[in-house]
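Data first, discussion second: the structure below is written as structure tokens.
The values are calculated or read from the model by the stated rules, or taken from the named source; none is laboratory data. Fair warning: this is a prediction, and the values are worked out from it, not measured in the lab. A quick note on method: Cβ atoms are made from the backbone with ideal geometry, for glycine too, and the neighbour counts reach across all protein chains shown.
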2 protein chains.
Amino acid sequence: MTSQTLKGFRDFLPNTMAIRSKVISTLKAVFESYGFAELQTPTLEYAEVLTGKYGEEAEKLMYLFRDPGGRGVGLKYDLTVPLARVMGQYQDLPKPFKRYQIQPAFRAENTQKSRYRELYQCDIDTVGTTSPASDAEILAVISNSLSTLNFSDFTIRVNSRQILFDLIIKSNIPSNKSLTVLQSIDKLDKKTREEVSLELESKQISPLQIKDLFYYLKEAQPDPQFKEIMDLAKKMGAKNVRFDPNLVRGLDYYTGAIFETMVEKPKIGSITGGGRYDQLIKTLGGPDLPAVGTTIGLDRICDVISDLNLWPDLPKSPTRLLVTVFSPELLNNSLSLSQSLRSQNINTELYPDPAVKLDKQLKYASAKGIPFVAILGPEEIEKNTVTLKNMSTGEQKKLPASNLPDELTSR
Amino acid sequence: MTSQTLKGFRDFLPNTMAIRSKVISTLKAVFESYGFAELQTPTLEYAEVLTGKYGEEAEKLMYLFRDPGGRGVGLKYDLTVPLARVMGQYQDLPKPFKRYQIQPAFRAENTQKSRYRELYQCDIDTVGTTSPASDAEILAVISNSLSTLNFSDFTIRVNSRQILFDLIIKSNIPSNKSLTVLQSIDKLDKKTREEVSLELESKQISPLQIKDLFYYLKEAQPDPQFKEIMDLAKKMGAKNVRFDPNLVRGLDYYTGAIFETMVEKPKIGSITGGGRYDQLIKTLGGPDLPAVGTTIGLDRICDVISDLNLWPDLPKSPTRLLVTVFSPELLNNSLSLSQSLRSQNINTELYPDPAVKLDKQLKYASAKGIPFVAILGPEEIEKNTVTLKNMSTGEQKKLPASNLPDELTSR
């Protein structure tokens, strides 16, 4: 057997899962506090469901194959296509349908790029209303999610498709060039104005048009509906939301507001991306339903938390205390102690093998990152005490067994 | 676009997810209280990793295909094979390695059988020790998990490979017939003794051998090591554990104790199955590590909870309260109220569209199963009150806005 994961696929060992698991439970709690409910869809879909939305470029990145029954199937590529299918398949779902979904998606990325081929996506969407309050709510959920995760240094950039197309019209740029021009504008956060100018010139945009474009970009103002979204988002407590006329996202897809979140450090690009897409569900063959939502990049968020050490106190192990076993004869004493602590809501691991030396049991606790160890030898048992060792300080003390729960929860 | 899930695959809509999500969080908490930590492995593995363990029969049930890079890959078939791979790939993991894993596995089942092709598995295993305390702990975790999930009417049947093989030897049945004879014994909980006798005769077992076999089955006694497991399990608080010499599970796989859990109602077979498998990890090409563990059938457990209505009070929606919007001018008042309630840890949904009539907003709450609705009209706002409607009783009352949190948490 090759003891290897496939390239681009990852094992999440317990120490990595600790952060991921807490990120997921934190996000779920925030989403549910706004009334978003969980949806899960299958890993496999009909190939024709998957390939409806994207062009040939994306199809190349999909895991498409024939199942043992000969059906054309594939691994899901994102969470938006399954949402569109769900809206078509269960048309009696109450609207607005507010769902969140946290599941892996699959990309057959080129090996050289060393990107993940299985990535966990986390999407929240509101389907069935065009109300600006639902756009604003997505911004509030993003902001609240990040704050709850202990992020402080983030910016939610927002713009709208209308504002971008207005710029094009005002600058007298022909509409058939709007997409390519906007793709150049999108680079303004990475390239200089001069570099972008040169790029635009190479696209046969005249110096006057470029001058006008930059002028109107600088002077760009939110339109009334967009202002309402910004205003409501603020009232809903969204922090660090900034109008940014340079923001361009997939324009074949979005129909109104667009938004993405950046962090200053580490340099990893956007950690959320979304917007309003009122035509997409219909385009995919689903019902004619407007929608707004965002993807939250779970992998990147976990990376930021690790890199910036945002959760210094997160335990590496779920176990609070390892109860060691002094000798085979004393196994029952250790067993009783661990039972009693567990019933008092302290995650307690009983070392399973009384034949293993105490020293090795302590090393096990240390290797696993268990913060406390209890030692229960003949002396302790006689006096109804326990020796408690703090594994990070090395401090060791004897205390009455009944004091153990308080000692373990107070720290 | 075909708005259809593939046969054998399921969407979990929000009302179904409520139970699943609570089952999973409950199980995780129990597992972690014993020091089991979470592991996740990729959806895809090298085909040769997947096909190492099982015979051709199982390979037919696997989703095996070539990825866009031409590699032979497949969807994971269970959680044991990935565990064996992990133990080989990360040989410095501290032992005993106690992990739980809750992820989907894939079976290309025959369509006629109408079984699930994507099923969520939930496994707990302790790798790296032969100590009976680790077998006992698995039994304790099963019992504690089921009790915490509100199950009462379950039986954990336990037996051991040694006891079964002793019966064969004592009955003078040649060892080359032991597997087929044990397969017949396994049917004793569904067939009568006479039917099983006939089956054994057809397998060329003599009347005397059959008579002896039934005699020794009736008289079978746990051996000392097995007794120790049962004794420790009891001390660890495992309930409803019963020695059952008729229990036979995959014998090519298990090397010691075997266990499975049955519920009386509904009739759905076993909801857990496991045992000790000290050779398997090595057989799969991994390191020589003993292991013991169990699978907990998540789908079946969710079915039992639904069928027996074990959680009558579980809300259908994560939302506790819908704050309606009386008119566009009063949107800000409803927004403020929902903000304030959310900050007091009450899951609050703000109806997003002020243009929709109140009546329709109430119907939305009812369709989604939201238990309470707040109405905030000009009269309420003037007096700083809120009209609260209980959606299940229809009861409606006006109360000071500040009393709302208490009112909503006290019920």
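Brief remarks follow.
- The set of residues in the range B:314-348 being surrounded by fewer than 17 Cβ atoms within 10 Å (Cβ to Cβ), closer than 14 Å to residue B:401 by Cβ and out of contact with any Lys or Arg (no Cβ under 9 Å at 6 or more places or on another chain) consists of B:340, B:343, B:344.
- Taken over the range B:231-261, the residue count meeting the criterion of being closer than 20 Å to residue B:144 by Cα and crowded, with 20+ Cβ neighbours inside 10 Å is 10.
- Selected residue (criterion: farthest from the other protein chains (Cβ to nearest Cβ)) from residues of the range B:362-381 that are over 37 Å from the mean Cα position of the chain (by Cα) and of a type outside the set (A, V, I, L, M): B:379
- The residues of the range A:227-264 that are closer than 29 Å to residue A:49 by Cβ, in a strand (DSSP E or B) and more than 17 Å from the chain's Cα centre (by Cα), listed by number, are A:257, A:258.
- Residues located in the range B:186-200, provided they are surrounded by 15 or more Cβ atoms within 10 Å (Cβ to Cβ), modelled with pLDDT of 90 or more and either over 13 Å from residue B:210 (Cα atoms) or of a type outside the set (S, T, N, Q) (or both): B:196, B:199, B:200
- Highlighted here are the strands (runs of 3 or more DSSP E) found entirely within the range A:335-396 that include at least 2 residues which are within 14 Å of residue A:408 (Cα to Cα), among the aliphatic types (A, V, I, L, M) and touching a helix residue (DSSP H, G or I) at 6+ places or on another chain (Cβ under 9 Å): A:372-375, A:385-390.
- Taken together, A:189, A:123, A:166 contain a single residue that is closer than 25 Å to residue A:292 by Cα, in contact with a Gly (Cβ under 7 Å, 6 or more places away or on another chain) and not hydroxyl-bearing (Ser, Thr, Tyr), which is A:123.
- The residue that is surrounded by the fewest Cβ atoms within 10 Å (Cβ to Cβ), among those in the range B:145-170 that are among the small types (Gly, Ala, Ser) and at pLDDT below 95, is B:152.
- Within this structure, residue A:301 fails the test of being assigned by TED's automatic domain parsing to the domain that holds residue A:24, more than 20 Å from the chain's Cα centre (by Cα) and of a type in the set (A, V, I, L, M, F, W, C).
- Total residues in the range A:76-87 satisfying the condition of being at the interface with chain B (Cβ under 7 Å from one of its Cβ atoms) and in contact with a helix residue (DSSP H, G or I) (Cβ under 8 Å, 6 or more places away or on another chain): the figure is 1.
- Selection status of residue A:123, of a type in the set (Asp, Glu) and closer than 12 Å to residue A:41 by Cβ: yes
- The number of residues in the range B:244-256 being touching a strand residue (DSSP E or B) at 6+ places or on another chain (Cβ under 7 Å) and under 16 Å from residue B:186 (Cβ atoms) comes to 5.
- Selection from the range B:75-111 of residues that are touching an Asp or Glu at 6+ places or on another chain (Cβ under 9 Å) and basic (Lys, Arg): B:76, B:85, B:98, B:99, B:107
- Whichever residue in the range B:312-348 is away from chain A (no Cβ under 13 Å) and modelled with pLDDT of 95 or more and, among such residues, is nearest to the chain's Cα centre (by Cα): B:326
For (1) at pLDDT below 95; (2) at the interface with another protein chain (Cβ under 7 Å from one of its Cβ atoms); (3) within 22 Å of residue A:288 (Cβ to Cβ), each residue gets a yes or a no:
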{"residue": "A:29", "(1), (2), (3)": "no, no, no"}
{"residue": "A:52", "(1), (2), (3)": "yes, yes, yes"}
{"residue": "A:61", "(1), (2), (3)": "yes, no, no"}
{"residue": "A:72", "(1), (2), (3)": "yes, no, no"}
{"residue": "A:98", "(1), (2), (3)": "no, no, yes"}
{"residue": "A:109", "(1), (2), (3)": "yes, no, no"}
{"residue": "A:127", "(1), (2), (3)": "no, no, yes"}
{"residue": "A:143", "(1), (2), (3)": "no, no, no"}
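- Filtered residue count, the range A:367-400, keeping only those that are over 30 Å from residue B:93 (Cα atoms) and in contact (Cβ under 8 Å) with a residue 24 or more places away in the chain: 2
- Just one of the numbered conditions (1) at pLDDT 95 or above; (2) at the interface with chain A (Cβ under 9 Å from one of its Cβ atoms) is not true of residue B:18: (1).
- Residue count for the range B:278-298 satisfying the condition of being within 23 Å of residue B:141 (Cα to Cα), more than 16 Å from the chain's Cα centre (by Cα) and modelled with pLDDT of 95 or more: 5.
- Selection status of residue B:160, under 27 Å from residue A:335 (Cα atoms) and of a type in the set (Gly, Ala, Ser): yes
- Selection within the range B:66-96 - without any contact (Cβ under 8 Å) to a residue 40 or more places away in the chain, more than 24 Å from residue A:61 (Cα to Cα) and surrounded by fewer than 24 Cβ atoms within 10 Å (Cβ to Cβ): B:89, B:90, B:92, B:93, B:94
- Hits in the range B:47-65 (condition: without any contact (Cβ under 8 Å) to a residue 40 or more places away in the chain and either assigned by TED's automatic domain parsing to the domain that holds residue B:294 or in contact with a strand residue (DSSP E or B) (Cβ under 6 Å, 6 or more places away or on another chain) (or both)): B:47, B:50, B:64, B:65
- Wholly within the range B:14-65, helices (runs of 4 or more DSSP H) carrying at least 1 residues that are within 22 Å of residue B:301 (Cβ to Cβ): B:14-33
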